[in-house]
1. Limited to the stretch A:279-302, what total is found for residues that are buried (at least 16 other Cβ atoms within 10 Å of the Cβ) and either more than 13 Å from RNA strand B (Cβ to nearest atom) or free of Cβ contacts under 8 Å to residues at least 60 places away in the same chain (or both)?
2. For the structure I just gave you, tell me whether A:LEU126 is among the aliphatic types (A, V, I, L, M), more than 30 Å from A:TYR24 (Cα to Cα) and assigned to a helix (DSSP H, G or I).
3. Take the conditions among the aromatic types (Phe, Trp, Tyr) and more than 25 Å from A:ILE254 (Cβ to Cβ) and apply them to A:TYR68. Does it pass?
4. Just to be sure before I move on: is A:LYS146 more than 23 Å from the chain's Cα centre (by Cα), modelled with pLDDT of 90 or more, more than 10 Å from RNA strand B (Cβ to nearest atom) and not in a helix (DSSP H, G or I) in the structure I sent?
5. Suppose we filter A:GLY265, A:GLY250, A:GLY255 for residues that are away from RNA strand B (no atom under 14 Å from the Cβ) and of a type in the set (Gly, Ala, Ser); which single one remains?
6. Which condition number does A:GLY109 fail, the rest of (1) modelled with pLDDT under 95; (2) over 25 Å from the mean Cα position of the chain (by Cα) being met?
7. Residues that are of a type in the set (A, V, I, L, M) and surrounded by 21 or more Cβ atoms within 10 Å (Cβ to Cβ): which strands (runs of 3 or more DSSP E) entirely in the stretch A:1-96 hold 1 or more of them?
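The values are calculated or read from the model by the stated rules, or taken from the named source; none is laboratory data. What you are looking at is a predicted structure, and each value in this text was computed from that prediction instead of being measured. Note that each Cβ is placed from the backbone with ideal geometry, even for glycine, and that neighbours are counted across all protein chains shown.
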Amino acid sequence: MIYVMTGQTATGKTARALELAQIYNGELINADSRQVYTGLDIVTGKDLDLTTHTFTSVQKSEQFDIGYYETTSSMRIWLYDVLSPKNPFSAFDFVRLAKTVISDIRSRGKTPIIVGGTYFYISQLLYGASSAGEPNWEIRKELSTKSIEELQEILSLLDTNLFQSLNQSERRNPQRLIRKIEIIKTQGAICSTSSREMQFTEVEIRGLCHREKHNLEEKIRARVLSRLEKGALEEVQNLVRKGYSMQDPGIKTIGYPQIISHLAGDINYEGLIKAWTTKEIQYAKRQMTLMKSDSHIQWSTV
RNA sequence: GCCGAGAUAGCCAAGGUGGUCACGGCGGAGGUCUGAAAAACCCCAGAUGUCAGUUCGACUCUGACUCUCGGCA
């Protein structure tokens, strides 16, 4: 059995997942695309205060450090602090790492509990059977200098039918165009018949969402304020001092650009709170747009 | 009180010889997504301070009023 705890931001997913872990003798696997980064703690809301703060590394490679934090009640939380914010991380990486951890947890007779708001990662783990292959950052870098018109033309030349079938949103989305070109260049073609079947036999997916929009707004605002109190500004100052900037993949995370602007004097404190809160609310909205198409999710409201 | 500048959407804001006026950005609603997803992208709604005058026609010109911001007293 695998449990999945997902849903909107600021709904208390981690707390609920820990309850599940208690009941089912489980261990948590983080499915949050930001909390995999080292050093992004307060702003991303890593629940390290629930742990003993000691990271136990289990499998370390050049790219990734797979390990866990142990909670005060001796439960493990995996896939925090996997890599530096300097490096890109992808759904491909997540699926690979999560599968490794799932095997490890099961081999010890425990239950994997996947928890996080990055539904895209979760969907790729649960349903993604694509043979499309991993990201090729060389090709992406090369294509990133092209204009949107150039990208459209390149893709159109490679596969006219595919390009014709794209909607406006995708045609004008450089990242999506680059990804498609990348697949064709590395695989020869895009396999359109790849399945969307459940990869595991027994899975229970639970989702948490806010009952009303104003609940969400209040919760998020309160959480932003509490993160600032906990030292979000200092966290960012340290990162900046260590040479991290908005260009780094990990820093392209809600909260960081806004705080950096504030530290640079571009926006005042009130402006920072507002900008950060607004981005979080917009994110929560996008999460729902994506998640509500999954009929397997059992929803509850908070 | 006087002088000057201004008043365009929830906020910021561009404009033009008077001709269906109305560029953008933010915010708001909705959406897209098969390994960048806290990303990237699509799309929709919404405005000329008030009152008069000139005119076939005023957001644009004139006057008064109201309000705002500077400066002087």
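1. Of the residues in the stretch A:279-302, 3 are buried (at least 16 other Cβ atoms within 10 Å of the Cβ) and either more than 13 Å from RNA strand B (Cβ to nearest atom) or free of Cβ contacts under 8 Å to residues at least 60 places away in the same chain (or both).
2. no
3. So A:TYR68 fits the description; yes.
4. Taking the combined requirement at face value, the residue satisfies it.
5. A:GLY265 is the lone residue from the list that is away from RNA strand B (no atom under 14 Å from the Cβ) and of a type in the set (Gly, Ala, Ser).
6. Here A:GLY109 meets the rest and fails (1).
7. Where strands (runs of 3 or more DSSP E) fall fully within the stretch A:1-96 and carry at least 1 residues being of a type in the set (A, V, I, L, M) and surrounded by 21 or more Cβ atoms within 10 Å (Cβ to Cβ), they are A:2-7, A:26-30, A:76-78.
Matching residues to (1) of a type in the set (A, V, I, L, M); (2) modelled with pLDDT of 95 or more; (3) farther than 30 Å from A:GLN298 by Cβ:
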{"site": "A:PHE200", "(1), (2), (3)": "no, no, no"}
{"site": "A:LEU228", "(1), (2), (3)": "yes, yes, yes"}
{"site": "A:THR253", "(1), (2), (3)": "no, yes, no"}
{"site": "A:ALA264", "(1), (2), (3)": "yes, no, yes"}
{"site": "A:GLU270", "(1), (2), (3)": "no, no, yes"}
